[in-house]
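Here the structure comes first, spelled out in C-alpha cells, and everything after it is commentary.
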Amino acid sequence: MSNSPTTLFDKVWDSHVVRKIADGPDVFFIDRHFIHEVTSPVAFLGLLTRGIGVLSPERTFATADHNTPTINQHLPVEDPLSANQLLQLEKNTAKYGISHWGLGNPKNGIVHVVGPENGITLPGMTIVCGDSHTSTHGAFGAIAFGIGTSEVEMVLSSQCIMQPKPMKMRINVNGVLGKGVTPKDVALYIISKLTTSGATGYFVEYAGDVFEKMSMEGRMTVCNLSIEMGARGGMIAPDQTTFDYIHGRELAPKGADWDKQLAYWKTLKTDASATFDEEITFLASDIEPMITYGTNPGMGMGISKHIPNAVDIEGGVATYEKSLEYMGFAQNDSMIGKKVDYVFIGSCTNGRIEDFRAFASIVKGRKKAEHVTAWVVPGSHVVEAQIREEGIYDILTEAGFALRQPGCSACLAMNDDKIPAGKYAVSTSNRNFEGRQGPGSRTLLASPLVAAAAAITGVVTDPREFL
Amino acid sequence: MAYDSFNVLKSSAVPLPIENVDTDQIIPARFLKATERTGFGDNLFRDWRYDKNDAPKADFVLNNPTYTGKILVGGKNFGSGSSREHAAWAIYDYGFRCVVSSFFADIFRGNAINVGVLPVQVSPEFLHEIFTAIEADPKAEIEVSLPEQKITIVSTGTFENFAINGYKKNNLLNGFDDIDYLQAMKSEISAFAANR
C-alpha cells in the first residue's frame, strides 16, 4: 500500500489524519489556523461556555481585516458593532496568548495576504480559517480551506476538525497565455466552464505549463478562487518559485531547519501514475481577458463575447433571468461599452503587489474617468509600502487615484466601502452575488488590467487596447 | 455547542425554487457584526425579504403567510459562497430545522449539521415533486425521518432515501457534537502533534 502512487493532495491529507472514524469523517490535524474579528467571537464564547481552553495558541494567528475602515485607521472605529468585534479579537487573543496583528500593527492586512507574506504559510501544511478564501494558501502546496465557526472552536480547543476526505480533481492548463490574460482570467475562465458548483465535493490540484510558469502571487489568485466553483480548495505543487518566495520571510524556517523542510517540500508532488476522480484539461490559447455579467462567479465570459442566451445555459431559466434582471443586462448584450460607476482593486484575490503593478501599467500617464469612483486598497501594509517604494503610488496619484489603507473593503462591504444600489462596479474581488458589495450593488468581476481600463475609459473596455 | 436532537420532523414546508442561493443572500455581510450566535433569524434573506425602507416585499415567500413550516426547500446548489456559519444560525434561529435541496455547497452542508439543521439532499426529480406538492397544497406535509434516512411527501406517500454518515447521524439523533468527541481524544491528538 505504502508504495502505491499518490497525489500531492493524498500525501498532505493522509499525513494529517489523527484517527479515521468508520462511516464518519477523519479527525484531521491542523498545522496553522488563521482567525479574524468576524467569525471568531462566537467560537471564543463557546470555549467559555464549555469551560475549555486553547490547546496550541502558537498555531493560531489573528489579524483584523473584514470590517476595518480603509481610511483614518489611526482614529477609533466609528461603527460600534465593528469596534466591538475588533475589541473582542484583541481581548480573546490576549487572554489565550494568540499572536494578534490588529489595526495599526505594521503586519496588519488581509489574512490571506499576510499569512504568506510573513512565512506562516508553508508547503505540506494544513491551514484553515473561518473564511472560504483560505483556499488561497493552497498556492504553496498546502491543504487550505475555509471552515465554519463551530470548526474554529474545534481548532482552538483541539487543533483538529472532523472532515471527510474530499474527492480529487486535477485541472490542467497548458500552453502560453495571450497578451493581457492574467491569473484572474485563467481562474474566471475555469469557473465559467465548470460553473459555480462544478467542483463541489472535490479538492483541486492545478497543473500544467501555465501554473508552472506563474508567480506565487498569480498562483494565490487562482487557488483563492477555487471555492467559487464549489471546490473546498485548490493546490499547486511547490517548486523553486515557491521556495524562493518563502526563503527569508520572517516566520519561515531558517538554517538547518530550512534545509530539512526544503528536502521534505521537494517530495510534495503527484506521482506520475497517480489517478484523480476527475481530470480536466484546458488550452491557454482559448482564454481571453474575462468579465462576469451575472450574479455568481460562474457567469463569466471572454470580454469580447456576448451574454449567453438562457437556452444555452445549463440550469434553470428562471434563475438565469432573475440574475440578468438584477444586473440590468439582457441576453446577447455585449459587455464592451457598458457604463461603469465604480472600480475596486484589492481583496485577498487581487490585493498583492503584482496586481497593483498590472493596474499601474495601464493607468500610467493616463487619467481616471471623471465619473468613476475608484477604491485602490492594498492587501496589507507590506503591499502598501511596496506600492510606494516602486513608484506605483506616484503613478496612481498622477492619474487621479487615491490609495487607501489595507483591509477586505468593498469585497464584502462590511465597512463603509459600499457600492450604492443600482451602480456598476468593476471589481478585482471574488464574488458578484446580489448585494455583495452593498445592498443593490452590481458587480462585474475582472482582472486588475480590466479594472484599470474601465477606470480610465469609464466603460467596460478590453485592456488589450492599452497594451 | 450542543443543540436540539433531531429524530423525525413532520411539517409543512417553505418553497424557495431558486438555484445557487448563496450565503450572502441567506445573511448579508453587514449583519455579521454580532458577537453572539442568536438573533440572526430577523435578517434571514434580508435583501430578498425587505426593501430598502425595511418594508416587507410581498412577493417573497417568507412574507407570504400561506407558506409556513420548519422545512425550507431550496433549488440546486444551496448555500454556496462564503463560509459564514451565520447563514446556518439564521436558518435555525428563524425556526427551520431542515433544508431540502438537490445539491448543497460543501461548507454550508457541514455548518448546517454542526448547528443542528439537517441538510437533506434529494434527486432533482424528487425536488421537483416536492415543489409541485407544495404548489398544489401549501400546507402539504413533508416527513423527514433521520433514523430511517427517508423523506416522504405525506399526501402521496412518495419518498426517497437520503445519505448521511453514521457518525453525524448519531450526533444529530443524540444532540452530541464534534467538540465533545474531540475533547475526549485530546491526549491522542497531543501525542500525534508531538510525533510530527
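The numbers here are math on the coordinates, done by the rules we state, and not lab data. Keep in mind that what you see is a predicted model, and the values were worked out from it rather than measured. Ideal geometry is used to build each Cβ from the backbone, glycine not excepted, and the neighbour counts take in all protein chains shown.
Brief remarks follow.
- Shielding value for B:15-26 is 5, the average number of Cβ atoms from other chains within 10 Å of each residue's Cβ.
- Hull-based mean projected area of the range B:8-91, where the convex hull spans the alpha carbons, in square nanometres: 6.2 nm²
- Per the Kirkwood formula applied to alpha carbons, the range A:314-366 shows a radius of gyration over Rh ratio, Rg over Rh, of 1.13.
- Spherically averaged projected area of chain B from its Cα convex hull (nm²): 12.4 nm²
- Inter-probe distance in nm under a simple model that places probes 7 Å from Cα toward Cβ, at A:SER285 and B:ASN53: 5.9 nm
- Overall, the ratio between the Cα radius of gyration of the range A:228-276 and 2.2 N^0.38 Å, rounded to two decimals, is 1.44.
- Local charge for A:THR121 was computed over the other residues whose Cβ lies under 11 Å away, with Lys and Arg +1 and Asp and Glu -1, and equals 0.
- q = 0.18, 0.20 Å⁻¹: log10 I(q)/I(0) that the Debye formula gives for the range A:317-467, counting C-alpha atoms only: -1.00, -1.21
- Cα-derived Rg to Rh of the protein assembly as shown, Kirkwood definition: 0.95
- Viscosity 0.692 mPa s, temperature 37 °C, Stokes-Einstein D of the range A:394-456 from Kirkwood C-alpha radius, µm²/s: 267 µm²/s
- Alpha carbon centroid spacing (whole Å) that separates the range A:182-212 from the range A:115-138: 18 Å
- Efficiency of FRET between B:SER187 and B:LYS10 - r from beta-carbon atoms, R0 51 angstrom, step 0.05: 0.75
- Principal semi-axes in Å for the range B:27-139 [√(5λ), Cα gyration tensor, largest first]: 22, 19, 12
- Multiplying the residue separation of A:LYS20 and A:SER99 by 0.36 nm and subtracting their alpha-carbon distance yields 25.3 nm.
- Between B:ALA55, B:ALA112, B:ALA13, the residue with the greatest mean-square fluctuation in the GNM of chain B (Cα pairs under 10 Å linked by springs) is B:ALA55.
- Taking the inverse of the mean 1/r over every pair of distinct Cα atoms in the range A:78-132 gives a Kirkwood hydrodynamic radius of 12.9 Å.
- Kirkwood hydrodynamic radius over Cα pairs of the range B:96-176, then Stokes diffusion coefficient at 10 °C and 1.306 mPa s, in µm²/s: 120 µm²/s
- Neighbouring Cβ atoms from other chains, within 10 Å of the Cβ of residues in B:176-187, number 6 on average.
- Panel note: the C-alpha atoms of the range A:13-168, placed on their principal axes, show extents of 52, 36, 23 Å (largest first).
- For the range A:249-402: Kirkwood Rh in Å [reciprocal of mean 1/r, alpha carbons]: 20.0 Å
- Gap separating the Cα centres of the range A:1-43 and the range B:1-49, nearest whole Å: 28 Å
- Note on the range A:109-202: semi-axes of the ellipsoid equivalent to its C-alpha gyration tensor, largest first and rounded to whole Å, are 27, 17, 12.
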